[in-house]
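The values are calculated or read from the model by the stated rules, or taken from the named source; none is laboratory data. All values derive from a computational prediction rather than experimental measurement. Every residue, glycine among them, receives a Cβ derived from its backbone with ideal geometry; neighbour counts consider all protein chains shown. Note: accessible area is taken over every heavy atom of the protein model, side chains too, but ligands, DNA and RNA are not part of it. Shrake-Rupley method; radii C 1.70, N 1.55, O 1.52, S 1.80 Å.
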Amino acid sequence: VVDWQWCGGGLGVMDVQYLLHTSCSLEVLEQEEQMLKHYHRHLISAMSATARCGVDMDITFETLQEQYEFATLDYVRFLIGSMWGVTTPASCEENSGSLNQGMHKRSAAHFMSLVIKAEAILSRLETMKKV
């Protein structure tokens with residue numbers, strides 16, 4: 001995946017999160033954890049090849065999942081900051097058949113599911129902070 005809008009350091013899982021949340025239906029996203037595990041298996045396989053070259057890069061699934069959640073929070077921050085006022089049920093209906101628009105612009109339910117997911121992540125993090 002090449003992101004022509006941004007070039008810089010960051011978490012690789014940001015692109016995975018962006019790809020899934022802009023391209024997959026809510027039904028497909030029900031398999032989100034399985035898709036992330038699939039990605040992790042292939043990532044570990046590719047990273048083991050780099051270890052043979054003297055570069056040790058190991059990441060647990062738990063770490064990848066945590067990074068994915070932070071990537072999701074960042075994406076929702078972007079959506080709320082730039083799309084909240086212009087994305088409406090009517091604009092989603094208008095864009096629903098367009099493959100040139102991310103799911104957040106084609107489905108109000110998709111947009112809201114991301115906000116709900118972000119709230120759940122933040123609540124869990126807040127609970128962890130208190131422990």
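Things worth noting here:
- Contact map, the range 44-58: first residue of a type outside the set (Phe, Trp, Tyr), second residue modelled with pLDDT of 75 or more and surrounded by 10 or more Cβ atoms within 10 Å (Cβ to Cβ), Cβ cut-off under 7 Å, separation 6 or more or different chains; pairs are 57/47; 58/47.
- In the set (1) farther than 22 Å from residue 10 by Cβ; (2) touching a residue at least 60 places away in the same chain (Cβ under 8 Å); (3) buried (at least 17 other Cβ atoms within 10 Å of the Cβ), residue 105 fails one condition alone, (2).
- Any hit, the range 91-106, residues being among the polar types (S, T, N, Q) and modelled with pLDDT of 90 or more: no
- Candidate set from the range 107-131 (those that are among the β-branched types (Val, Ile, Thr) and part of a helix (DSSP H, G or I)); member that is modelled with the lowest pLDDT: 127
- Residue in the range 74-94 that is among the β-branched types (Val, Ile, Thr), open to solvent by less than 70 Å² (accessible area, probe 1.4 Å), assigned to a helix (DSSP H, G or I) and over 16 Å from residue 25 (Cβ atoms) present: yes
- Neighbours by Cβ (under 8 Å, 6+ apart or cross-chain): first from the range 13-25, part of a helix (DSSP H, G or I); second acidic (Asp, Glu) and open to solvent by 60 Å² or more (accessible area, probe 1.4 Å): 15/3; 18/3
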